[in-house]
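Structure record follows, encoded as C-alpha coordinates.
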(Lines give C-alpha, C1' and ligand atoms only; values in the text may rest on other atoms or scores of the structure.)
Protein backbone atom coordinates (compact mmCIF):
# COMPACT_ATOMS: atom_id res chain seq x y z
CA UNK A 1 0.00 0.00 0.00
CA UNK A 2 1.38 3.40 -0.99
CA UNK A 3 0.61 7.04 -0.33
CA UNK A 4 -0.64 9.33 -3.12
CA UNK A 5 2.90 10.44 -3.90
CA UNK A 6 4.01 6.83 -4.41
CA UNK A 7 6.08 6.48 -1.26
CA UNK A 8 5.53 3.62 1.19
CA UNK A 9 2.83 4.18 3.79
CA UNK A 10 4.12 5.51 7.08
CA UNK A 11 2.98 3.85 10.30
CA UNK A 12 0.72 5.77 12.66
CA UNK A 13 3.38 5.79 15.36
CA UNK A 14 5.99 7.25 13.02
CA UNK A 15 3.52 9.85 11.77
CA UNK A 16 3.12 11.31 15.25
CA UNK A 17 5.74 13.97 15.88
CA UNK A 18 8.05 13.48 18.85
CA UNK A 19 7.39 16.61 20.89
CA UNK A 20 10.35 18.17 22.65
CA UNK A 21 10.32 21.48 24.58
CA UNK A 22 12.68 23.23 22.18
CA UNK A 23 10.81 26.46 21.55
CA UNK A 24 10.96 29.20 24.15
CA UNK A 25 7.23 28.99 24.92
CA UNK A 26 7.44 25.21 25.35
CA UNK A 27 10.37 25.44 27.74
CA UNK A 28 8.55 28.11 29.73
CA UNK A 29 5.46 25.89 29.91
CA UNK A 30 7.50 22.96 31.23
CA UNK A 31 9.20 25.12 33.86
CA UNK A 32 5.88 26.63 34.92
CA UNK A 33 4.24 23.23 35.27
CA UNK A 34 7.12 21.90 37.34
CA UNK A 35 7.09 24.99 39.55
CA UNK A 36 3.34 24.71 40.16
CA UNK A 37 3.61 20.98 40.91
CA UNK A 38 6.44 21.67 43.33
CA UNK A 39 4.50 24.46 45.02
CA UNK A 40 1.51 22.15 45.33
CA UNK A 41 3.59 19.49 47.07
CA UNK A 42 5.25 22.02 49.34
CA UNK A 43 1.90 23.63 50.11
CA UNK A 44 0.36 20.30 51.15
CA UNK A 45 3.31 19.52 53.40
CA UNK A 46 3.30 23.00 54.97
CA UNK A 47 -0.42 22.88 55.76
CA UNK A 48 -0.11 19.33 57.13
CA UNK A 49 2.88 20.40 59.24
CA UNK A 50 0.97 23.30 60.78
CA UNK A 51 -1.98 21.06 61.62
CA UNK A 52 0.38 18.40 62.93
CA UNK A 53 2.18 20.86 65.19
CA UNK A 54 -1.17 21.90 66.64
CA UNK A 55 -1.92 18.25 67.41
CA UNK A 56 1.52 17.75 68.97
CA UNK A 57 1.08 20.88 71.09
CA UNK A 58 -2.27 19.63 72.37
CA UNK A 59 -0.78 16.23 73.12
CA UNK A 60 2.16 17.93 74.85
CA UNK A 61 -0.20 19.78 77.18
CA UNK A 62 -1.93 16.50 78.03
CA UNK A 63 1.35 14.64 78.67
CA UNK A 64 2.73 17.47 80.78
CA UNK A 65 -0.29 17.34 83.06
CA UNK A 66 -0.39 13.52 83.05
CA UNK A 67 3.04 11.98 82.29
CA UNK A 68 1.55 8.47 82.29
CA UNK A 69 -0.04 9.28 78.92
CA UNK A 70 3.36 9.03 77.23
CA UNK A 71 3.82 5.46 78.38
CA UNK A 72 0.29 4.51 77.33
CA UNK A 73 0.84 6.05 73.91
CA UNK A 74 4.01 4.00 73.45
CA UNK A 75 2.06 0.91 74.48
CA UNK A 76 -0.50 1.59 71.77
CA UNK A 77 2.29 2.09 69.22
CA UNK A 78 4.16 -1.20 69.70
CA UNK A 79 1.91 -3.57 67.67
CA UNK A 80 1.80 -1.28 64.62
CA UNK A 81 5.58 -0.85 64.77
CA UNK A 82 6.02 -4.63 64.97
CA UNK A 83 3.92 -5.23 61.85
CA UNK A 84 5.75 -2.47 59.95
CA UNK A 85 9.08 -4.02 60.97
CA UNK A 86 7.98 -7.42 59.66
CA UNK A 87 7.04 -5.90 56.28
CA UNK A 88 10.33 -4.00 56.21
CA UNK A 89 12.30 -7.21 56.80
CA UNK A 90 10.70 -8.85 53.74
CA UNK A 91 12.83 -6.64 51.51
CA UNK A 92 16.33 -8.03 51.06
CA UNK A 93 17.55 -4.58 50.01
CA UNK A 94 17.46 -2.30 53.05
CA UNK A 95 15.88 1.03 52.20
CA UNK A 96 17.46 4.29 53.49
CA UNK A 97 16.35 4.99 57.05
CA UNK A 98 15.97 8.68 56.27
CA UNK A 99 13.51 7.96 53.47
CA UNK A 100 11.61 5.47 55.62
CA UNK A 101 11.40 7.96 58.48
CA UNK A 102 10.36 10.77 56.14
CA UNK A 103 7.53 8.66 54.73
CA UNK A 104 6.34 7.78 58.24
CA UNK A 105 6.42 11.45 59.24
CA UNK A 106 4.40 12.42 56.17
CA UNK A 107 1.91 9.67 57.01
CA UNK A 108 1.55 11.17 60.47
CA UNK A 109 1.23 14.74 59.18
CA UNK A 110 -1.28 13.85 56.47
CA UNK A 111 -3.46 12.10 59.05
CA UNK A 112 -4.60 15.60 60.03
CA UNK A 113 -6.27 15.97 56.61
CA UNK A 114 -8.23 12.79 57.24
CA UNK A 115 -9.13 13.99 60.73
CA UNK A 116 -10.54 17.27 59.47
CA UNK A 117 -12.32 15.58 56.57
CA UNK A 118 -13.85 12.87 58.77
CA UNK A 119 -15.00 15.42 61.35
CA UNK A 120 -16.78 17.52 58.73
CA UNK A 121 -18.28 14.47 57.06
CA UNK A 122 -19.47 12.94 60.33
CA UNK A 123 -21.01 16.22 61.45
CA UNK A 124 -23.02 16.43 58.24
CA UNK A 125 -24.05 12.79 58.48
CA UNK A 126 -25.11 13.02 62.12
CA UNK A 127 -27.27 15.99 61.27
CA UNK A 128 -29.18 13.78 58.86
CA UNK A 129 -28.95 10.53 60.86
CA UNK A 130 -28.34 11.20 64.60
CA UNK A 131 -27.77 7.51 65.45
CA UNK A 132 -24.73 7.33 63.18
CA UNK A 133 -22.56 9.01 65.83
CA UNK A 134 -22.88 5.82 67.88
CA UNK A 135 -22.14 2.64 65.88
CA UNK A 136 -23.90 0.53 68.47
CA UNK A 137 -27.05 2.63 68.19
CA UNK A 138 -26.76 2.79 64.42
CA UNK A 139 -26.81 -0.99 64.23
CA UNK A 140 -30.21 -1.02 65.90
CA UNK A 141 -31.92 0.71 62.98
CA UNK A 142 -31.78 -0.18 59.31
CA UNK A 143 -31.53 3.44 58.18
CA UNK A 144 -28.87 4.35 60.72
CA UNK A 145 -26.74 1.32 59.97
CA UNK A 146 -27.02 1.83 56.22
CA UNK A 147 -25.93 5.47 56.60
CA UNK A 148 -23.07 4.47 58.90
CA UNK A 149 -21.92 1.82 56.41
CA UNK A 150 -22.00 4.21 53.47
CA UNK A 151 -20.02 6.73 55.49
CA UNK A 152 -17.32 4.17 56.23
CA UNK A 153 -17.15 2.66 52.75
CA UNK A 154 -17.46 5.84 50.71
CA UNK A 155 -15.85 8.41 52.99
CA UNK A 156 -13.67 7.26 55.90
CA UNK A 157 -12.00 4.31 54.17
CA UNK A 158 -11.18 6.09 50.89
CA UNK A 159 -10.05 9.33 52.54
CA UNK A 160 -7.74 7.73 55.12
CA UNK A 161 -6.22 5.31 52.64
CA UNK A 162 -5.71 8.09 50.11
CA UNK A 163 -3.78 10.33 52.52
CA UNK A 164 -1.49 7.41 53.44
CA UNK A 165 -0.98 6.66 49.75
CA UNK A 166 -0.30 10.36 49.15
CA UNK A 167 2.49 10.32 51.75
CA UNK A 168 4.22 7.60 49.72
CA UNK A 169 3.49 9.21 46.37
CA UNK A 170 4.90 12.62 47.27
CA UNK A 171 8.17 11.42 48.77
CA UNK A 172 9.50 7.87 48.47
CA UNK A 173 7.84 7.15 45.11
CA UNK A 174 10.01 9.87 43.57
CA UNK A 175 13.22 8.29 44.88
CA UNK A 176 15.49 6.00 42.87
CA UNK A 177 15.35 3.60 45.82
CA UNK A 178 11.67 2.98 45.10
CA UNK A 179 12.01 0.55 42.21
CA UNK A 180 9.78 -2.46 42.91
CA UNK A 181 6.36 -3.47 44.19
CA UNK A 182 7.97 -4.78 47.38
CA UNK A 183 9.46 -1.33 47.96
CA UNK A 184 5.95 0.07 47.60
CA UNK A 185 4.70 -2.26 50.34
CA UNK A 186 7.57 -1.26 52.64
CA UNK A 187 7.07 2.47 52.19
CA UNK A 188 3.29 2.05 52.40
CA UNK A 189 3.76 0.28 55.72
CA UNK A 190 5.86 3.22 56.93
CA UNK A 191 3.14 5.69 55.94
CA UNK A 192 0.59 3.52 57.72
CA UNK A 193 2.82 3.40 60.80
CA UNK A 194 3.03 7.19 60.92
CA UNK A 195 -0.71 7.50 60.42
CA UNK A 196 -1.42 4.98 63.20
CA UNK A 197 0.97 6.75 65.58
CA UNK A 198 -0.67 10.14 65.00
CA UNK A 199 -4.16 8.68 65.38
CA UNK A 200 -3.22 6.82 68.58
CA UNK A 201 -1.67 9.97 70.03
CA UNK A 202 -4.83 11.91 69.26
CA UNK A 203 -7.09 9.35 70.92
CA UNK A 204 -4.96 8.78 74.02
CA UNK A 205 -4.27 12.49 74.57
CA UNK A 206 -7.93 13.33 73.93
CA UNK A 207 -9.17 11.04 76.69
CA UNK A 208 -6.48 12.39 78.98
CA UNK A 209 -7.42 16.02 78.31
CA UNK A 210 -11.06 15.23 79.00
CA UNK A 211 -10.05 14.16 82.51
CA UNK A 212 -10.78 10.49 81.99
CA UNK A 213 -9.51 8.15 84.72
CA UNK A 214 -6.43 6.03 84.18
CA UNK A 215 -8.55 2.97 83.43
CA UNK A 216 -10.33 4.85 80.62
CA UNK A 217 -7.05 6.02 79.10
CA UNK A 218 -5.61 2.51 79.38
CA UNK A 219 -8.70 1.10 77.67
CA UNK A 220 -8.26 3.58 74.83
CA UNK A 221 -4.56 2.74 74.47
CA UNK A 222 -5.28 -0.98 74.34
CA UNK A 223 -8.02 -0.47 71.74
CA UNK A 224 -5.70 1.61 69.58
CA UNK A 225 -2.97 -1.01 69.99
CA UNK A 226 -5.33 -3.56 68.46
CA UNK A 227 -6.42 -1.30 65.59
CA UNK A 228 -3.03 0.24 64.68
CA UNK A 229 -1.57 -2.73 62.76
CA UNK A 230 -4.47 -2.63 60.31
CA UNK A 231 -3.43 0.85 59.17
CA UNK A 232 0.02 -0.54 58.38
CA UNK A 233 -1.35 -3.53 56.45
CA UNK A 234 -3.88 -1.56 54.40
CA UNK A 235 -1.30 1.06 53.43
CA UNK A 236 1.19 -1.68 52.54
CA UNK A 237 -1.35 -3.10 50.08
CA UNK A 238 -1.97 0.23 48.34
CA UNK A 239 1.79 0.84 48.36
CA UNK A 240 2.38 -2.53 46.73
CA UNK A 241 0.13 -1.60 43.82
CA UNK A 242 1.80 1.81 43.60
CA UNK A 243 5.10 -0.05 43.24
CA UNK A 244 3.61 -2.13 40.44
CA UNK A 245 2.40 1.10 38.81
CA UNK A 246 5.94 2.45 38.78
CA UNK A 247 7.24 -0.78 37.27
CA UNK A 248 4.49 -0.94 34.64
CA UNK A 249 3.76 2.73 33.82
CA UNK A 250 1.50 1.79 30.92
CA UNK A 251 -0.99 0.46 33.50
CA UNK A 252 -0.31 3.08 36.16
CA UNK A 253 -3.87 4.38 36.50
CA UNK A 254 -5.64 1.01 36.87
CA UNK A 255 -2.98 -0.34 39.25
CA UNK A 256 -3.10 2.72 41.52
CA UNK A 257 -6.89 2.63 41.52
CA UNK A 258 -6.96 -1.08 42.36
CA UNK A 259 -4.61 -0.62 45.30
CA UNK A 260 -6.66 2.23 46.72
CA UNK A 261 -9.94 0.39 46.22
CA UNK A 262 -8.70 -2.78 47.92
CA UNK A 263 -7.28 -0.84 50.88
CA UNK A 264 -10.38 1.35 51.21
CA UNK A 265 -12.71 -1.67 51.04
CA UNK A 266 -10.80 -3.53 53.75
CA UNK A 267 -10.80 -0.39 55.90
CA UNK A 268 -14.52 0.22 55.46
CA UNK A 269 -15.40 -3.46 55.95
CA UNK A 270 -13.47 -3.57 59.22
CA UNK A 271 -15.06 -0.42 60.58
CA UNK A 272 -18.56 -1.60 59.70
CA UNK A 273 -18.28 -5.15 60.97
CA UNK A 274 -16.13 -4.79 64.10
CA UNK A 275 -18.99 -3.41 66.20
CA UNK A 276 -21.38 -6.10 65.03
CA UNK A 277 -18.91 -8.87 65.82
CA UNK A 278 -18.02 -7.51 69.25
CA UNK A 279 -21.68 -7.18 70.24
CA UNK A 280 -22.64 -10.59 68.87
CA UNK A 281 -19.61 -12.41 70.30
CA UNK A 282 -20.14 -10.87 73.72
CA UNK A 283 -23.80 -11.84 73.79
CA UNK A 284 -23.06 -15.35 72.59
CA UNK A 285 -20.15 -16.15 74.90
CA UNK A 286 -20.48 -13.59 77.70
CA UNK A 287 -16.70 -13.15 77.57
CA UNK A 288 -16.75 -9.35 77.47
CA UNK A 289 -16.27 -6.84 74.70
CA UNK A 290 -12.52 -6.48 75.20
CA UNK A 291 -11.89 -10.16 74.42
CA UNK A 292 -14.36 -10.01 71.53
CA UNK A 293 -12.49 -7.03 70.07
CA UNK A 294 -9.17 -8.84 70.43
CA UNK A 295 -10.49 -11.95 68.71
CA UNK A 296 -11.91 -10.02 65.77
CA UNK A 297 -9.01 -7.62 65.27
CA UNK A 298 -6.35 -10.32 65.50
CA UNK A 299 -8.31 -12.60 63.19
CA UNK A 300 -8.94 -9.85 60.66
CA UNK A 301 -5.32 -8.72 60.70
CA UNK A 302 -4.18 -12.32 60.29
CA UNK A 303 -6.30 -12.79 57.16
CA UNK A 304 -5.04 -9.54 55.63
CA UNK A 305 -1.45 -10.44 56.59
CA UNK A 306 -1.72 -13.79 54.82
CA UNK A 307 -3.10 -12.07 51.72
CA UNK A 308 -0.28 -9.53 51.73
CA UNK A 309 2.40 -12.14 52.43
CA UNK A 310 1.24 -14.38 49.58
CA UNK A 311 1.08 -11.40 47.24
CA UNK A 312 4.62 -10.32 48.14
CA UNK A 313 5.89 -13.91 47.83
CA UNK A 314 4.49 -14.20 44.31
CA UNK A 315 6.10 -10.90 43.39
CA UNK A 316 9.46 -12.00 44.78
CA UNK A 317 9.23 -15.28 42.88
CA UNK A 318 8.50 -13.46 39.63
CA UNK A 319 11.38 -11.05 40.22
CA UNK A 320 13.74 -13.93 40.95
CA UNK A 321 12.68 -15.68 37.74
CA UNK A 322 13.22 -12.53 35.71
CA UNK A 323 16.69 -12.04 37.18
CA UNK A 324 17.64 -15.67 36.48
CA UNK A 325 16.47 -15.32 32.88
CA UNK A 326 18.50 -12.14 32.45
CA UNK A 327 21.60 -13.83 33.85
CA UNK A 328 21.07 -16.84 31.58
CA UNK A 329 20.75 -14.66 28.50
CA UNK A 330 23.73 -12.50 29.39
CA UNK A 331 25.91 -15.58 29.88
CA UNK A 332 24.85 -17.19 26.58
CA UNK A 333 27.69 -17.04 24.01
CA UNK A 334 26.95 -14.87 21.00
CA UNK A 335 26.94 -16.36 17.55
CA UNK A 336 29.13 -14.92 14.85
CA UNK A 337 27.37 -12.95 12.17
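Tabulated values for the structure
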item	result
Count of residues meeting criterion [closer than 24 Å to residue 304 by Cβ and either under 16 Å from the mean Cα position of the chain (by Cα) or not in a helix (DSSP H, G or I) (or both)] in segment 56-106	15
Members of segment 80-133 found to be within 14 Å of residue 152 (Cα to Cα) and exposed (fewer than 14 other Cβ atoms within 10 Å of the Cβ), listed by number	119, 120, 123, 124
Residues within segment 211-264 that are assigned to a loop (DSSP other than H, G, I, E, B) and farther than 15 Å from residue 184 by Cβ, tallied	3
Unique residue being surrounded by fewer than 23 Cβ atoms within 10 Å (Cβ to Cβ), over 22 Å from residue 105 (Cβ atoms) and under 17 Å from the mean Cα position of the chain (by Cα) when the list is 222, 207, 272, 256	256
Residue list for segment 71-84, filter: without any contact (Cβ under 8 Å) to a residue 60 or more places away in the chain and either within 21 Å of residue 165 (Cβ to Cβ) or in contact with a helix residue (DSSP H, G or I) (Cβ under 7 Å, 6 or more places away or on another chain) (or both)	none
Total residues in segment 175-187, condition in contact with a helix residue (DSSP H, G or I) (Cβ under 9 Å, 6 or more places away or on another chain) and free of Cβ contacts under 8 Å to residues at least 60 places away in the same chain	0
Top-ranked residue of segment 151-171 - restricted to ones that are part of a helix (DSSP H, G or I) and over 13 Å from the mean Cα position of the chain (by Cα), ranked as surrounded by the most Cβ atoms within 10 Å (Cβ to Cβ)	151
Condition broken by residue 29, with the remaining ones in (1) under 17 Å from the mean Cα position of the chain (by Cα); (2) modelled with pLDDT under 85 satisfied	(1)
Selection status of residue 47, out of contact with any helix residue (DSSP H, G or I) (no Cβ under 7 Å at 6 or more places or on another chain), surrounded by 14 or more Cβ atoms within 10 Å (Cβ to Cβ) and in a helix (DSSP H, G or I)	yes
Residue tally, condition closer than 13 Å to residue 198 by Cα and free of Cβ contacts under 8 Å to residues at least 24 places away in the same chain, over segment 99-126	0
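The values are calculated or read from the model by the stated rules, or taken from the named source; none is laboratory data. Everything numeric in this text was worked out from a predicted model, so none of it was measured. Using ideal geometry, Cβ is built from the backbone for each residue, glycine included, and neighbour counts are taken over all protein chains shown.
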